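Below you'll find the structure, written out as structure tokens, and then a few comments.
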């Protein structure tokens with residue numbers, strides 16, 4: 001907000017919370033105080049609705065036959081018409097695909113929110129629990145009642161850290177018996193990894209289409225698939241160990257299970273892992289600085 005007050009036309013910032021990008025213009029336009037948690041809470045709530053762009057106009061929403069939206073290939077970004085009291089009307093560009101409905105707004109409002117009454121952001125703790133949502137016209141929804149609670153005394157800091165390497169590859173089975181061949185292939189690889197003394201912190205052999213997403217929670221009576229992709233991955237401390245994954249998977253094409261379909265690896269099958277470590281720091285230790293550039 002301070003950069004806007006000082007006359008900036010475009011503001012480029014480091015990593016900030018997604019809603020904050022929308023709160024600053026509201027603070028500048030309406031003269032909201034940074035410690036007015038009710039107004040900043042409303043602004044941050046609006047920012048949360050807007051932050052994922054076309055997600056509130058129907059993106060990440062469609063479920064064919066249950067939740068259909070027109071022209072899902074032609075979504076538009078949403079438009080937020082904000083009032084000084086923190087109320088907002090959300091619409092979209094006329095003639096675009098998608099939809100602005102009570103459902104799309106509610107889904108986005110609760111997206112990535114664990115506690116709707118206490119959604120922590122750097123600027124304020126947003127409270128969605130008193131929100132009122134009304135459909136006031138085609139592709140136009142009004143949201144009122146957004147508010148907030150005083151901001152926390154700490155800020156979240158995230159740091160990148162090296163976490164070793166991943167070796168990864170994939171092969172395929174199709175037709176009757178695809179799953180049982182994939183299960184035997186998994187056993188073969190597990191034994192071969194022992195033979196080559198693979199030193200890995202974690203090894204995964206997933207069957208895409210069966211258990212790659214839900215893992216152990218996959219129902220035991222899941223339907224028999226017609227085709228299975230076997231994804232093999234291991235996290236290691238060194239690139240040399242990660243390379244063992246691809247070498248052993250290569251062998252499956254000539255000394256594995258019958259009908260193994262092997263892809264041609266057109267890319268590096270090992271990659272370094274940069275993890276994220278997060279902590280909290282006292283708010284006073286973070287001092288924003290503004291630097292102006294003119295053309």
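Structure data summary
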| quantity | calculated |
| --- | --- |
| Residue in segment 218-228 that is farther than 25 Å from residue 271 by Cβ, under 27 Å from the mean Cα position of the chain (by Cα) and free of Cβ contacts under 8 Å to residues at least 12 places away in the same chain present | yes |
| Number of the exception - residue 203 against (1) touching a residue at least 24 places away in the same chain (Cβ under 8 Å); (2) surrounded by 14 or more Cβ atoms within 10 Å (Cβ to Cβ); (3) more than 25 Å from residue 163 (Cα to Cα) | (3) |
| Total residues in segment 259-295, condition closer than 16 Å to residue 170 by Cα and either assigned by TED's automatic domain parsing to the domain that holds residue 120 or touching a residue at least 60 places away in the same chain (Cβ under 8 Å) (or both) | 9 |
| Condition met for residue 46 (within 23 Å of the chain's Cα centre (by Cα), in a helix (DSSP H, G or I) and touching a residue at least 60 places away in the same chain (Cβ under 8 Å)) | yes |
| Members of segment 14-35 found to be under 21 Å from residue 116 (Cβ atoms) and in a loop (DSSP other than H, G, I, E, B), listed by number | 17, 18, 19 |
| Residue identified as closer than 30 Å to residue 288 by Cα and assigned by TED's automatic domain parsing to the domain that holds residue 139 among 73, 32 | 32 |
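For (1) modelled with pLDDT of 95 or more; (2) out of contact with any strand residue (DSSP E or B) (no Cβ under 7 Å at 6 or more places or on another chain); (3) assigned to a helix (DSSP H, G or I), each residue gets a yes or a no:
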residue	(1), (2), (3)
40	yes, no, yes
74	yes, yes, no
86	yes, yes, no
90	yes, no, no
95	no, yes, no
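Here is a yes/no grid of residues against (1) surrounded by fewer than 15 Cβ atoms within 10 Å (Cβ to Cβ); (2) touching a helix residue (DSSP H, G or I) at 6+ places or on another chain (Cβ under 9 Å):
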site: 198; (1), (2): no, yes
site: 210; (1), (2): no, yes
site: 224; (1), (2): yes, yes
site: 229; (1), (2): no, yes
site: 237; (1), (2): yes, no
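The values are calculated or read from the model by the stated rules, or taken from the named source; none is laboratory data. As the structure is a prediction and not an experimental result, all values here were calculated from the model. Virtual Cβ from ideal backbone geometry, glycine too; neighbours counted across all protein chains shown.
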